[in-house]
Every structure is written in structure tokens, then in C-alpha cells.
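A.B. asks: Mind looking over this structure? Questions follow.
The values are calculated or read from the model by the stated rules, or taken from the named source; none is laboratory data. What you see is a predicted model; the values in this text were computed from it and never measured. No Cβ is skipped: glycine too gets one built from the backbone with ideal geometry, and neighbour counts run over all protein chains shown. Please note that ligands, DNA and RNA were not included when accessible areas were found on the heavy atoms of the full protein model with its side chains. Shrake-Rupley method; radii C 1.70, N 1.55, O 1.52, S 1.80 Å.
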Amino acid sequence: MDKVKSAKALVQEALAQSQNPCFTCSFQAEDVAVLHMLLEVKPDIPILFLDTGYHFPEVYAYRDAMQRRFGFRLVNLQASLSREEQERRYGKLYESDPTRCCQIRKVEPLFQALEGYDTWFTGLRREQSPTRANLQPLEEAVLPSGHRLRKVSPLYDWTLKEVFAYLAVQDLPYLPLYDQGYLSIGCAPCTAKPLDPNDPRSGRWAGKGKLECGIHLHGKEG
């Protein structure tokens, strides 16, 4: 069975066993591939987008264009503090303390939202980072509250080349920032083009010794 068939089979099986699934989507290439697979089976699945207030304008425009095209159920998750209020209180945390910034704007809103779901689909891939090298297609996520849910990563063993091949076959557009040389795209202040062409995430939090925002470092993964 090829990787596309395996990924779709995993999606179908996980959805069949789930009561309240969701998908966290940053609208990077792998996320759009998983989004397409999920919508084929469950068009009403909630699509959770972490609206940090710091995304590239291109990300917001692409998100909205994809939502108009597919009509999926978009759920924008936001921090309790607006970007402006956070900067008034703490200054530019993305410069002084990026881990705290991620905690406020990404980790806390997502973990609060995940309390209502039993299955969490992601677009994670082993190739993305050394911290994801041992990623499994099915894992258990444990939130700080103790809530447990299944974490499903259908593209765990895919390469970026295979992701783009899937998008091409399905005639799916990709985020224009890839054409500018970005390979891993997060908040604009903390995203640069890769420092190491063999490490797509080497452009994230450049110089800060940071590889993850904290979303995928909990429970059994911590």
C-alpha cells in the first residue's frame, strides 16, 4: 500500500473510532494535504487555527481563500490577551522571551480548546525536525488538565517532496511563501528562511536555540 492509501486509511479508521475529532491547521503544505483527506470523509470536522495575531499577511489571505473554496468549519483560536495588550504589558515577548510568547498565544488557547475533543489530527512529519524524528502515526496526548486524547499524524513518514506531489495531483494551491524560500512557516517575527537547507525548521526562532513552540511537547512526548 502506498503512502497516500496508508494515510487515507489511517484518517478513515481514526474518524470511525472518534466521537469528537478536530484538526489543528496552520495552512502549511502538509496541513493542507491532511485537510483535504479529512474533508473527503468528514466535511464538518472543526479546523482549529491558532490566530496569534503575528502571522504573515499571506497566511491569513491563503486561509480565507481555502475556506471560501472548501467551506470547512474554521475555528479561530485566540489568546485571552490581544497582541496589542500583550505588547503593552510585556513588550515584544517574541524577542525577549519567545517561549513565553508561544505559551500565551498558542499553547494555552489550543490546550483549552482541545479539552472538548477526543481525537486530534495533525500534519506533523518526522522529517520536519530532530524533535519529531520518533513521531508515531497514533499517539496519546495528555493535556495539563489530565485530559487524554488520541493524536493522529497521517503524514508522519512523508517527505516534503511527497507532500507537494500530493497537492499537485489534487490540484491544491500552496501557501505562496514557499516560493519565497520559506520551508517552515510560523509567526512572522520568528520565521526566517532556513539557515540549514537540510533542516526546514532551522529558520524558526533563529538564534534562540528553540525548535518547538510547546504544543507538541507534553504528555508522553515531553
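A.B. asks: How do the strands (runs of 3 or more DSSP E) wholly within region 85-192 filter down when requiring 3 or more residues that are among the hydroxyl-bearing types (S, T, Y) and in contact (Cβ under 8 Å) with a residue 12 or more places away in the chain: which remain?
C.D. replies: Counting at least 3 such residues, we get no strands (runs of 3 or more DSSP E) at all.
A.B. asks: So A141 ticks every box in (1) modelled with pLDDT under 95; (2) open to solvent by 10 Å² or more (accessible area, probe 1.4 Å); (3) within 30 Å of Q19 (Cβ to Cβ) but one. Which box is left unticked?
C.D. replies: (2)
A.B. asks: Identify, from the list A7, A29, A33, the residue that is modelled with pLDDT of 95 or more, under 21 Å from W158 (Cβ atoms), more than 15 Å from the chain's Cα centre (by Cα) and open to solvent by less than 20 Å² (accessible area, probe 1.4 Å).
C.D. replies: Of the residues listed, the single one that is modelled with pLDDT of 95 or more, under 21 Å from W158 (Cβ atoms), more than 15 Å from the chain's Cα centre (by Cα) and open to solvent by less than 20 Å² (accessible area, probe 1.4 Å) is A7.
A.B. asks: Hey, can you tell me all the residues within region 173-184 that are touching an Asp or Glu at 6+ places or on another chain (Cβ under 8 Å) and surrounded by 15 or more Cβ atoms within 10 Å (Cβ to Cβ)?
C.D. replies: L175, L177
A.B. asks: Further question: V59 versus (1) touching a residue at least 60 places away in the same chain (Cβ under 8 Å); (2) in a helix (DSSP H, G or I); (3) closer than 17 Å to P154 by Cβ; (4) of a type outside the set (D, E, K, R): which is the lone unmet condition?
C.D. replies: Every listed condition holds for V59 apart from (3).
A.B. asks: For region 60-113, which positions are in contact with a helix residue (DSSP H, G or I) (Cβ under 9 Å, 6 or more places away or on another chain), closer than 20 Å to I185 by Cα, open to solvent by less than 30 Å² (accessible area, probe 1.4 Å) and not hydroxyl-bearing (S, T, Y)?
C.D. replies: Correct list: M66, L77, A79, L93, P98, C101, C102, I104, R105.
One line per residue, one yes/no per condition, for (1) in contact with a helix residue (DSSP H, G or I) (Cβ under 7 Å, 6 or more places away or on another chain); (2) modelled with pLDDT of 85 or more; (3) surrounded by fewer than 17 Cβ atoms within 10 Å (Cβ to Cβ):
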| site | (1), (2), (3) |
| --- | --- |
| W158 | yes, yes, no |
| D171 | no, yes, yes |
| G186 | no, yes, no |
| K193 | yes, no, yes |
| P197 | no, no, yes |
| P200 | yes, no, no |
| G203 | no, no, no |
| L217 | no, no, yes |
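A.B. asks: I'd like to know if region 47-55 contains one or more residues that are without any contact (Cβ under 8 Å) to a residue 40 or more places away in the chain, open to solvent by 70 Å² or more (accessible area, probe 1.4 Å) and not acidic (D, E).
C.D. replies: no
A.B. asks: Residues being in a loop (DSSP other than H, G, I, E, B) and within 20 Å of V169 (Cα to Cα): count how many of those fall in region 10-42.
C.D. replies: 2
A.B. asks: Please go through region 159-192 and pick out each residue that is more than 20 Å from M66 (Cα to Cα) and of a type in the set (V, I, T).
C.D. replies: T159, T191
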